[in-house]
Amino acid sequence: MKTNLITPEGYRKLQQEHDHLWFEKRPEVTKIVNWAASLGDRSENADYTFNKRLLRQIDRRVRYLRKRLPDLKIIEYSPQQQGKVYFGAWVEIENDDGEVKRFRIVGPDEIYERNDYISIDSPMARALLGKSVDEEYSVKTPQGEMLWYVNKIDYTA
């Protein structure tokens with residue numbers, strides 16, 4: 001089950017996506033579908049078929065966003081979080097091989113299209129929660145248990 005946490009930026013982005021789809025994209029596609037339908041035989045009309053499918057995809061996404069947005073809990077940064085890894089933190093970690101990774105711990109709705117975000121539900125994020133700089137922790141991966149060290153924690157973008 002997905003966690004219902006989201007950053008303020010992530011919530012704004014989902015709200016903007018909803019508004020764009022509902023107020024801009026959907027009316028535009030609806031006009032094309034109506035125009036294509038007016039041409040007659042719909043069975044061999046590529047414009048009609050393609051845009052009708054696109055309209056269904058838009059409607060599905062809008063329905064999802066309308067159900068999801070009210071359930072989300074926006075988590076604002078608190079100065080009490082400083083020095084420890086919590087939701088919204090940018091974290092730099094390193095393993096014994098010298099491999100360094102930097103990412104932000106966010107809600108599951110925010111990780112798409114970003115390589116530097118990981119979900120709070122991921123094993124890496126779960127293992128990191130509450131850790132401080134220079135603290136070590138282990139994470140179970142498909143390759144086995146891996147040991148990581150926290151190098152840096154930051155809450156600014």
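The values are calculated or read from the model by the stated rules, or taken from the named source; none is laboratory data. Keep in mind it's a predicted model, so treat the numbers as computed, not measured. All Cβ positions, even for glycine, are placed from backbone atoms using ideal geometry, and neighbour counts span all protein chains on display. Just so you know, the surface numbers come from the protein's heavy atoms only, side chains and all, with ligands and any DNA or RNA stripped out. Shrake-Rupley method; radii C 1.70, N 1.55, O 1.52, S 1.80 Å.
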Notebook entry, point to check: Of all the strands (runs of 3 or more DSSP E) wholly in segment 99-142, which have at least 3 residues that are surrounded by 14 or more Cβ atoms within 10 Å (Cβ to Cβ)?
Noted result: 100-106, 117-119
Margin query: Give all pairs with beta carbons closer than 9 Å in which a residue from segment 36-61 that is over 21 Å from HIS18 (Cα atoms) meets a residue that is hydrophobic (A, V, I, L, M, F, W, C) and outside any helix (DSSP H, G or I); count only pairs at least 6 apart in sequence or on separate chains.
Written below: ASN45/LEU39; ASP47/LEU39; TYR48/LEU39
Notebook entry, point to check: If PHE23 passes every condition in (1) more than 26 Å from THR156 (Cβ to Cβ); (2) surrounded by 12 or more Cβ atoms within 10 Å (Cβ to Cβ); (3) at pLDDT 95 or above but one, which one does it miss?
Noted result: (2)
Notebook entry, point to check: If you go through segment 4-14 one residue at a time, do you hit one that is assigned to a strand (DSSP E or B), among the hydrophobic types (A, V, I, L, M, F, W, C) and in contact (Cβ under 8 Å) with a residue 12 or more places away in the chain?
Noted result: yes
Note to self: Quick check on segment 84-97. Is at least one of its residues touching a residue at least 12 places away in the same chain (Cβ under 8 Å), assigned to a helix (DSSP H, G or I) and of a type outside the set (A, V, I, L, M, F, W, C)?
What the structure shows: no
Check: Does LEU69 satisfy the criteria of being modelled with pLDDT of 95 or more, under 16 Å from SER119 (Cβ atoms) and assigned to a helix (DSSP H, G or I)?
Finding: no
Notebook entry, point to check: Looking only at segment 26-39, which residues are among the small types (Gly, Ala, Ser) and open to solvent by less than 60 Å² (accessible area, probe 1.4 Å)?
Noted result: ALA36, ALA37
Note to self: Restricting to segment 45-57, name every residue that is of a type in the set (S, T, N, Q) and either surrounded by 15 or more Cβ atoms within 10 Å (Cβ to Cβ) or at positive phi (or both).
What the structure shows: ASN45, ASN51
Note to self: Pull out all pairs, ordered by first then second residue, where Cβ-Cβ is under 7 Å, the residues are six or more apart or on different chains, the first lies in segment 129-144 and is under 13 Å from VAL91 (Cβ atoms), and the second is open to solvent by 70 Å² or more (accessible area, probe 1.4 Å).
What the structure shows: LEU129/TYR86; GLY130/LYS84; LYS131/LYS84; SER132/LYS84; VAL133/LYS152; VAL139/PRO123
Note to self: Given the options ARG42, ARG60, name the one that is in contact with a Phe, Trp or Tyr (Cβ under 6 Å, 6 or more places away or on another chain), farther than 29 Å from TRP148 by Cβ and surrounded by fewer than 15 Cβ atoms within 10 Å (Cβ to Cβ).
What the structure shows: ARG42
Checklist line | Which numbered condition ASP41 fails, given (1) in contact with a Leu (Cβ under 6 Å, 6 or more places away or on another chain); (2) part of a loop (DSSP other than H, G, I, E, B); (3) over 24 Å from SER122 (Cβ atoms) | finding: (1)
